[in-house]
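Structure first, then comments.
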Amino acid sequence: MDFLEAKEIQVGLAVAAVVVVATAAYFYSTKKSKVGSIDPENFRDFKLVKKTQLSHNVAKFKFALPTPTSVLGLPIGQHISCRGKDSQGEEVIKPYTPTTLDTDVGYFELVIKMYPQGRMSHHFREMREGDYLSVRGPKGRFRYQPGQVRAFGMLAGGSGITPMFQVARAILENPKDKTQVHLIYANVTYDDILLKEEIDGLTANYPGRFHVYYVLNQPPEEWTGGVGFVSKEMIQAHCPAPASDIKILRCGPPPMNKAMARHLDSLGYSSEMQFQF
């Protein structure tokens, strides 16, 4: 009897060991499969597989990752550095934030506004499907964690919408994250609004959690949004009030960033409540 009991104990221990090893192997393989495709120190090349012109100076660039199940490996709130050549053939490096997340496997996308005199804009304007883009990352001081704050206020101008869109998508598409998002997005004309279809989609899909207020300096007729520049009154009306559990993010042209900082300071938002991309 003692022999049988000892044998059962040995079998039980062996089974337990197999389960532990199998479980460890599973988590290791899962973790391993989620290793990102970018390197913070070295540039890596990614193939442009699709270029979609969205307007006369805006295009969406889709780049393939190494395998169909690869992820970029970019923490929410961070960006990548892209390397190219300007019109004089000189090297230029500029930060960009993808509009895709790591839930979008096998590829990543950049929505780029190409300015006439922009050095990196020239590189993207000249890119054709089949070309390669050199990328390094992740970069950035901001890293989002679910439940980090009760609500975000976001002040974006022009192409400064891309980090806001990235953070908003990550929050809203996580069913366990109840964070509220309030976006004020400023542009010169209606045609300058980037990702409008995607932003309006978030509004429709997440009513009560995502709020957007568009502001135009030169609005069309029958415009119902804000007019002019983003004001203190607009921030008061469309962003969460100052509190220890909220944060205001801002990203836009330097003059706008400075003006928003002044507005926020005067409205009582402490430095801990503000972050500039």
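Below is a table of values for the structure above.
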read-out: Solvent-accessible surface (1.4 angstrom probe) belonging to Lys62, in square angstrom, nearest 10; value: 60
read-out: Sulfur and carbon atoms: percent of accessible area, segment 78-135 [1.4 Å]; value: 45
read-out: Two-decimal Rg/Rh across the chain, once Rg and the Kirkwood Rh are taken from alpha-carbon atoms; value: 1.11
read-out: Expected 222 nm ellipticity per residue - DSSP helices of 4 or more, -39500 (n - 2.57), all of the chain, to 500; value: -9500 deg cm²/dmol
read-out: Dipole magnitude (debye, nearest 20) for segment 157-242, charges at Cβ of Lys, Arg, Asp, Glu; value: 480
read-out: Accessible area of the chain divided out per residue, in Å², using a probe of 1.4 angstrom; value: 54
read-out: Electrostatic dipole magnitude of the chain [Cβ: Lys, Arg +1; Asp, Glu -1; Cα centre; debye, to 20]; value: 460
read-out: Heavy atoms of Val227 accessible to a 1.4 Å probe, total area in Å² rounded to 10; value: 90
read-out: Max mean-square fluctuation residue, GNM over the chain, Cα-Cα springs under 10 Å, options Pro75, Pro116, Pro146; value: Pro116
read-out: At most 14 other Cβ within 10 Å, DSSP loop - GluC sites (Glu not before Pro), segment 184-243; value: Glu221, Glu222
read-out: Carbon/sulfur fraction of accessible area - segment 170-210, other protein chains in place, 1.4 Å, %; value: 53
read-out: Accessible area (Å², 1.4 Å probe, nearest 10) - Ser244; value: 120
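The values are calculated or read from the model by the stated rules, or taken from the named source; none is laboratory data. Because the structure is predicted, anything quoted here is derived from the model rather than measured. Backbone-built Cβ (ideal geometry, glycine too); neighbour counts: all protein chains shown. Accessible surface is based on the protein model in full, side chains and every heavy atom, while ligands, DNA and RNA are left aside. Shrake-Rupley method; radii C 1.70, N 1.55, O 1.52, S 1.80 Å.
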